[in-house]
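The structure appears below as structure tokens.
Every number here is computed from the coordinates shown, using simple stated rules; none is lab data. Quick caveat: nothing in here was measured; it's all calculated off a predicted structure. Here the Cβ positions follow ideal geometry from the backbone for every residue, glycine too, while neighbour counts run over all protein chains shown.
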Amino acid sequence: MAPATELQQQQQIYNDFIDNIYTLHRDSELNETSKPWAFANARYRAAHRLIGRQQCTTGWEVKQLVDIVQLNELNLDNIHLTSQTGSLNLLNMKCVWFDQVSMINASFNFANLSGASSDGSRLNSVKFKDSSLTCASFNGTELQGTDFGDSNLQDAQFINVNASTAKITSDQIQ
């Protein structure tokens, strides 16, 4: 497939994913009483597989990320993302950009968010349970009441962040 055609196909997959998630939000299906999470998770996994991550890195090397999923400037309050298999296979959200989003009361259970970016975002009262946040970026991010649980924060970057009310263990800080 020609590079331009492949890029157009990837853009369409991404646009369809955003439209589907927006429809769930618009129809008030992304709340505690509704249970559309299997659909949202399945749509994400399908988009992830089709768009790919060949150029993504979870280290600190600077690379051009032309195929990255960017969910910037969205309201994702109360979203709950969970691996369908628990700790067997983490929900793969490596290197996803959540820059300048609102994710108040969101939760990530058994998620691999290695290399993910939440710069300039509002992650107040977010719960990360058994997740990987290695090399994740939290630059200028609000973390009031955020609970990192027993998640891996190795090499995570916290710049211009007030983490005084966040729940971070001494082991995670080290």
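Less than 5 angstrom separates the built amide H of H80 from those of S107, all sequence-distant by 5 or more or on a different chain. Computed 3J(HN,Hα) for segment 159-166, one whole-Hz value per residue from the Karplus formula 6.51 cos²θ - 1.76 cosθ + 1.60 where θ = phi - 60°, is 10, 6, 10, 9, 9, 5, 9, 6, glycine and proline marked x. Label separation (S87 vs T165): 3.1 nm, computed from points 7 Å beyond Cα along the C-beta direction. Figure legend: label point modelled 7 angstrom from the Cα of D150 along Cα→Cβ; residues of segment 94-111 with amide N under 15 Å from it are 109-111. For K167, the amide hydrogen comes within under 5 Å of the amide hydrogens of T146, D147, F148, counting only partners 5 or more places away or on other chains and with H modelled in the peptide plane.
Rounded to the nearest 20, the size of the Cβ-charge dipole of segment 63-174 about its Cα centre is 100 debye, with Lys and Arg at +1 and Asp and Glu at -1. Between amide H atoms placed 1.01 Å from N, distances below 5 Å from N112 occur with L91, N92, M93, S132, all of them 5 or more places distant or on a separate chain.
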